[in-house]
Each structure stands twice: as C-alpha cells, then as structure tokens.
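Reviewing the structure listed below.
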Amino acid sequence: MKIGERGQVTIPKKYRNRFGFAPATNVEFVEQAGQLVLKKTKKKSHPIGKFVGVLKGRGLRTDDLVEAMRGR
C-alpha cells in the first residue's frame with residue numbers, strides 16, 4: 001500500500017468490513033508506542049440533538065405545542 005500524492009491511503013475492503021468503516025465514519029490517527037493507529041471516533045452531537053424526537057408518540061403536533069406555549 002502506498003500513500004498517494006495528497007497523503008491519502010485506501011483502507012482495504014476486508015478491513016473496512018471487519019471493523020465497520022463505512023463512508024462518513026469519523027476516524028482519528030493516534031500515536032501509540034511509536035506506531036500510528038487508526039481509530040473510530042464518536043460523532044460529535046449537536047447540543048440540541050438530545051431533544052430531537054422527545055415529543056414523538058405523545059400525540060402532540062409541533063404546531064399545537066407552539067400555540068400552547070404562546071397561550072393561544
């Protein structure tokens with residue numbers, strides 16, 4: 001395997017499949033004992049993300065909730 005002109009390498013398919021490296025997987029390189037190790041990283045979530053879907057299944061529509069909050 002060679003590093004390309006732009007510093008890119010291709011992870012062989014058998015390793016992508018084995019370790020779950022799909023397109024858009026977040027990764028980082030970490031130095032460990034003089035070696036460079038490729039690790040998956042967790043996707044950084046948006047602070048509002050934990051509230052997405054919190055009202056789902058409660059019979060409330062967004063429009064109804066906004067109107068209730070406005071006192072209408």
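We did not get these values from a lab; they are worked out from the coordinates using the rules stated. Remember, it's a predicted structure, so these values are computed and weren't measured experimentally. Here the Cβ is made from the backbone with ideal geometry for all residues, glycine too, and neighbour counts use every protein chain on show.
Defining a contact as two alpha carbons under 8 Å apart and six or more residues distant in sequence, what relative contact order in percent does the chain show? It comes to 15 percent, rounded to a whole number.
Quick one: which of K13/K40; K14/K39; K2/K44 span more than 21 angstrom between C-alpha atoms?
Distance filter (> 21 Å) returns K2/K44.
Of the GluC sites (Glu not before Pro) found in the chain, the ones in coil according to DSSP and having at most 11 other Cβ atoms within 10 Å of their Cβ are E5.
Checking every one of the trypsin sites (Lys or Arg not before Pro) in the stretch 1-36 against DSSP loop status and a limit of 12 other Cβ atoms within 10 Å picks out K2, R6. Apply the Debye scattering formula to the chain, with a single equal point scatterer on each alpha-carbon and no solvent, then give log10 I(q)/I(0) at q = 0.20 Å⁻¹. Result of the Debye calculation: -1.01.
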